[in-house]
Structure formats: C-alpha cells, structure tokens
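Worksheet: the structure to be examined is printed underneath.
We did not get these values from a lab; they are worked out from the coordinates using the rules stated. Nothing here was measured: the structure is a model prediction, and the numbers come from that model. Cβ coordinates were reconstructed from backbone atoms using ideal geometry, including for glycine residues, and neighbour counts include every protein chain displayed.
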Amino acid sequence: MSTIFKKIIDGELPCFLIHEDKNFMAFLDVNPLVDGHTLIIPKMEVDYIFDLDDDLLAAMMIFAKKVSNMLKQTFDCKKIGVAVVGLEIAHAHIHLLPINSIHDMNFEKEKKSFNPDYLKNVLDRILN
C-alpha cells in the first residue's frame with residue numbers, strides 16, 4: 001500500500017517543498033504543531049528509520065541539518081527541535097520544529113490547520 005509520502009515523492013500529491021536532493025525531501029507539515037514544522041523523508045520506502053543503512057541514515061541527518069539552518073534563519077526560535085516518532089505514517093521521517101520551549105514539541109497537543117495560502121507564505125519566507 002502506498003503511503004501519503006510515497007504519493008508526494010511520486011508527484012501524485014503536492015507538497016510545500018523546502019529542499020530536495022536525490023535521496024531526500026523536506027516539506028512543510030500541513031498539520032503542524034508550530035509554524036515551520038517540517039518533515040524530512042527518504043525517497044526510499046522504509047518504514048522504520050533505523051532500518052535505513054548507516055550511510056543513508058547519516059546522510060539524512062546531514063540533509064536535516066541543512067534544512068534546520070534554513071528554518072533557524074526564518075523563524076524567531078531558540079532552536080530547531082528534532083523528533084522521530086514513526087507511528088503516524090509507515091514511512092521513515094524526521095520532524096524539524098522551530099521551538100522556544102519543550103512544550104512546542106508536544107505531539108499530543110492539537111495540531112494546527114492552515115490553509116494553502118498561509119503555508120505558501122511560510123514556504124516563501126523560508127526560501128527567500
């Protein structure tokens with residue numbers, strides 16, 4: 001069964017793409033915990049992040065570091081939080097969140113819903 005991330009990789013579903021290379025994609029979470037909540041995914045279909053081979057896992061973290069620098073320059077935050085939960089979608093992914101407190105990374109709180117115009121504006125801020 002194809003996940004929503006596979007459909008994004010294959011171009012069947014749109015996303016608010018921040019950065020991409022041959023192995024990974026970074027795009028805005030459409031139901032974020034905070035403004036700028038970004039997902040990093042491998043283009044390879046792997047459910048569990050620690051099933052990635054060591055080189056690909058290391059490359060994914062380096063890719064995430066590049067994206068986190070873009071987020072840090074865009075948002076007024078103390079740090080970019082990093083989380084791997086892996087229960088929501090059966091495709092390995094990393095959450096990057098601009099944070100000012102630990103509570104910004106509470107995955108049990110209600111997620112925000114933004115319209116596409118708002119997300120496009122956030123994306124434009126990150127890319128410019």
| request: Would you mind ranking C77, C15 by Cβ crowding within 10 Å, fewest neighbours first? | output: C77, C15
| remark: Going residue by residue through region 103-108, the Karplus relation 6.51 cos²θ - 1.76 cosθ + 1.60 with θ = phi - 60° gives ³J(HN,Hα) values, rounded to whole Hz and with x marking Gly or Pro, of 5, 5, 9, 7, 6, 8
| Sorted by Cβ neighbour density within 10 Å, fewest at the top, the residues V34, V82 | V82, V34
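In what sequence do L119, L127 fall when counting other Cβ within 10 Å, fewest first?
Neighbour counts put them in this order, fewest first: L127, L119.
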| query | At what distance in angstrom do the alpha carbon centres of region 88-128 and region 20-59 lie from each other? | reply | 13
| Using Cα atoms only, what is the angle between the long axis of helix 54-74 and the major principal axis of the chain, expressed in degrees (0 to 90) to the nearest 10? | 20
| request: Put one equal scatterer on each alpha carbon of region 1-63, apply the Debye formula with no solvent term, and list log10 I(q)/I(0) at q = 0.14, 0.16, 0.22, 0.30 1/Å to two decimals. | output: -0.41, -0.53, -0.98, -1.37
| query | Relative to the longest principal Cα axis of the chain, at what angle does helix 116-127 sit, 0 to 90 degrees, rounded to 10? | reply | 90
| remark: Relative contact order as a percentage, the chain, C-alpha pairs under 8 Å and 6+ apart, gives 30
